[in-house]
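Student: Pasting in a structure now, in structure tokens, and then I'll have a few things to ask.
The values are calculated or read from the model by the stated rules, or taken from the named source; none is laboratory data. The structure presented is a predicted model; accordingly, all values stated were derived computationally and were not measured. Every residue, glycine as well, gets a Cβ built from its backbone with ideal geometry; the counts of neighbours run over all protein chains shown. With ligands, DNA and RNA removed, areas are computed over all heavy atoms of the protein, side chains included. Shrake-Rupley method; radii C 1.70, N 1.55, O 1.52, S 1.80 Å.
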Amino acid sequence: QVQLVESGGGLVQPGGSLRLSCVMSGISISIYPMGWYRQAPGKRRELVATIFIYGNTNYIDSVKARFTISRDSASNMLYLQMNSLKPEDTAVYYCNTVPGGQEWGQGTQVTVSS
């Protein structure tokens, strides 16, 4: 059974930074493309960052040069470093395979507000 637990969210002022973490069990992050998704109120969940099997990454345009996805295969953890945060980054953030699997974690709330 796949379990995903996200953490690291919080309330931050515009321009601030956060680092999200995701611990996974029941799946090896080394053999699947992995991603960070987010869902803002009233909007559909979207994939914002992907790390592929060989370590190459991809980002949606709105987070390029601000967000960095990384992984630690030894501990089976996924990370998202978020810098220069904007109010429009406010959302619940989730980790999962790409494309997303059937199981999802609870997510971690990121709120960017002054």
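Student: Find, among the chymotrypsin sites (Phe, Trp or Tyr not before Pro) in segment 21-89, those assigned to loop by DSSP (not H, G, I, E, B) with at most 10 other beta-carbon atoms within 10 angstrom. If you can, show how the numbers build up before the last one.
Tutor: Numbers: sites: Trp36, Tyr37, Phe52, Tyr54, Tyr59, Phe67, Tyr79; in loops: Phe52, Tyr54.
The qualifying sites are Tyr54.
Student: Please tell me the relative contact order of the chain in percent, rounded to the nearest whole number, where contacts are Cα pairs under 8 Å and at least six residues apart.
Tutor: Numbers: 273 pairs, mean separation 42.8, N = 114.
This gives 38 percent for the chain.
Student: Carbon and sulfur together cover what percent of the accessible area of segment 10-112 at a 1.4 Å probe radius?
Tutor: 51 percent
Student: May I ask you to list the GluC sites (Glu not before Pro) in segment 1-106 that are in a DSSP loop and have at most 15 other Cβ atoms within 10 Å of their Cβ?
Tutor: Values: sites: Glu6, Glu46, Glu88, Glu103; in loops: Glu103.
Hits after loop and neighbour filter: Glu103.
Student: Taking loop as defined by DSSP and a crowding limit of 12 other beta carbons within 10 Å, which trypsin sites (Lys or Arg not before Pro) in segment 28-114 fit? The partial results should precede the final answer.
Tutor: On the way: sites: Arg38, Lys43, Arg44, Arg45, Lys64, Arg66, Arg71; in loops: Lys43, Arg44, Arg45, Lys64, Arg66.
Here the trypsin sites (Lys or Arg not before Pro) that fit, given the DSSP loop and packing criteria, are Lys43, Arg44, Lys64.
Student: Let me ask you something else. The chain: Rg/Rh from Cα coordinates, Kirkwood Rh?
Tutor: Details: Rg = 13.1 Å, Rh = 13.9 Å.
So for the chain, dividing Rg by the Kirkwood Rh gives 0.94.
Student: Follow-up question, since we're still on this one. Residues of segment 2-16 with amide nitrogen under 15 Å from the 7 Å Cα-to-Cβ point of Ala40?
Tutor: Residues 14-15 qualify, since their backbone N sits under 15 Å from the label point.
Student: Looking at segment 12-77, I'd like the Rg to Rh ratio, where Rg is from alpha-carbon atoms and Rh is Kirkwood's inverse mean 1/r. Don't skip to the answer; put the middle values down first.
Tutor: Working: Rg = 13.0 Å, Rh = 13.2 Å.
On the Cα set of segment 12-77, Rg over Rh gives 0.98.
Student: Test of understanding: what is the full-extension gain from Gln109 to Ser7, defined as 0.36 nm times their sequence separation minus their Cα-Cα distance? Mind showing how you got there, number by number?
Tutor: Details: separation 102, 0.36 × 102 = 36.72 nm, distance 0.85 nm.
That pair, Gln109 and Ser7, stretches by 35.9 nm at full extension.
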